[in-house]
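Student: Shown below is the structure under consideration.
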Amino acid sequence: MGEGYLKKIAYATARHEKAYLPSQDTKLLRRSVKEYTGGSALEIGFGSGSVTEELSKNFKLVVGTELILHREQFSSLGGPWHRIIADRATCFRSSIFDIVVFNPPYLPSDSIEDITVDGGGGGVEIPLLFLDEALRVIRRDGKVLMVISNAGEIARIETRCRAMGLRFRIIAEEDLFYESLYVYEIRWKEEGP
C-alpha cells in the first residue's frame with residue numbers, strides 16, 4: 001500500500017466533506033469499550049467522538065486521531081480527551097497505550113473514494129494498516145479492539161493475527177439485515193515461564 005495508499009487517501013480526503021456519523025458499528029464499539037480500564041487509550045479515527053468520550057470514563061489519558069476535522073466534529077471539541085490530526089497512530093512512539101480501538105473503513109472496494117467506509121481490497125487492506133499501527137503503539141500487555149464486518153474477508157485478518165503470534169477473540173457482535181458486525185479483541189500472546 002505505501003505511497004499508493006497515501007495518494008489514494010489524499011485524493012479521497014480532499015473530496016470528502018463530512019465526518020463519519022455514528023451508526024451500528026460505532027454503537028457496538030462504544031458498548032464494548034465500557035468493560036476496559038487503564039492508564040492510556042487511543043481511538044484511531046475518532047469521528048463523532050462518541051467512543052473516545054466513553055473511553056474517557058475509564059482511562060486517565062485518552063487521545064483520538066483523525067485525518068481531518070470537519071465542521072460537525074467541532075461540537076465534540078470539549079471534554080476530557082485530546083484530539084490530534086494524524087494518519088492513524090503514526091505520530092506516536094511505540095508501546096505507549098494500554099488499549100487502542102478503532103472502527104476502520106471496512107467495506108470491500110477497488111479504490112478509496114470515501115475514506116469513511118472504503119476498506120480497500122477484500123475490505124481488509126485499510127483495517128490491516130490500522131491494526132499494524134495499533135500493534136506498534138500498544139504496550140506488550142495491551143489490547144486492540146477492532147470493528148470488522150463479514151462483508152469483508154475476515155479470514156485474512158485472522159490469518160495475519162496467527163502469523164504475527166497474536167491472540168484474538170470476538171467480544172461483541174451484531175447481526176444486521178445486510179451484514180454482521182464483530183468487535184475483535186487482539187493482543188500479543190503471553191510469554192512463557
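Student: Quick check on the stretch 80-127: of everything there that is open to solvent by 30 Å² or more (accessible area, probe 1.4 Å), among the hydrophobic types (A, V, I, L, M, F, W, C) and farther than 15 Å from L67 by Cα, which residue is modelled with the highest pLDDT?
Tutor: The residue in question is I96.
Student: So I157 ticks every box in (1) touching a residue at least 60 places away in the same chain (Cβ under 8 Å); (2) open to solvent by less than 30 Å² (accessible area, probe 1.4 Å); (3) in a helix (DSSP H, G or I) but one. Which box is left unticked?
Tutor: (1)
Student: Looking at (1) within 17 Å of F102 (Cα to Cα); (2) surrounded by 15 or more Cβ atoms within 10 Å (Cβ to Cβ), find the lone condition where E179 falls short.
Tutor: E179 satisfies all of (1) within 17 Å of F102 (Cα to Cα); (2) surrounded by 15 or more Cβ atoms within 10 Å (Cβ to Cβ) except (1).
Student: Any residue that is more than 16 Å from the chain's Cα centre (by Cα) and farther than 19 Å from V63 by Cβ - is there at least one of those in the stretch 87-105?
Tutor: No, every residue in the stretch 87-105 fails to be more than 16 Å from the chain's Cα centre (by Cα) and farther than 19 Å from V63 by Cβ.
Student: Among (1) over 21 Å from S48 (Cβ atoms); (2) in a loop (DSSP other than H, G, I, E, B), which single condition is A89 missing?
Tutor: Among (1) over 21 Å from S48 (Cβ atoms); (2) in a loop (DSSP other than H, G, I, E, B), A89 violates only (1).
So that you can scan it fast, the table gives a plain yes or no per residue for (1) in contact with a Pro (Cβ under 9 Å, 6 or more places away or on another chain); (2) on the phi < 0 side of the Ramachandran plot; (3) not hydrophobic (A, V, I, L, M, F, W, C):
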{"site": "D87", "(1), (2), (3)": "no, yes, yes"}
{"site": "C91", "(1), (2), (3)": "no, yes, no"}
{"site": "G122", "(1), (2), (3)": "yes, no, yes"}
{"site": "E133", "(1), (2), (3)": "no, yes, yes"}
{"site": "R139", "(1), (2), (3)": "no, yes, yes"}
{"site": "F168", "(1), (2), (3)": "no, yes, no"}
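Student: May I ask you to verify whether S50 is modelled with pLDDT of 90 or more, open to solvent by 20 Å² or more (accessible area, probe 1.4 Å) and not basic (K, R)?
Tutor: no
Student: For the subset of the stretch 164-193 comprising residues that are aliphatic (A, V, I, L, M) and assigned to a loop (DSSP other than H, G, I, E, B), which member is nearest to the chain's Cα centre (by Cα)?
Tutor: My answer is M164.
Student: In the stretch 128-136, is there at least one residue being farther than 16 Å from T26 by Cα, open to solvent by 10 Å² or more (accessible area, probe 1.4 Å), in a strand (DSSP E or B) and at pLDDT 95 or above?
Tutor: Scanning the stretch 128-136 turns up no residue that is farther than 16 Å from T26 by Cα, open to solvent by 10 Å² or more (accessible area, probe 1.4 Å), in a strand (DSSP E or B) and at pLDDT 95 or above.
The values are calculated or read from the model by the stated rules, or taken from the named source; none is laboratory data. Everything numeric here is computed off the predicted structure, so don't read it as measured data. Counting neighbours? That spans all protein chains shown, and the Cβs are built from the backbone with ideal geometry, glycine included. Accessible surface is based on the protein model in full, side chains and every heavy atom, while ligands, DNA and RNA are left aside. Shrake-Rupley method; radii C 1.70, N 1.55, O 1.52, S 1.80 Å.
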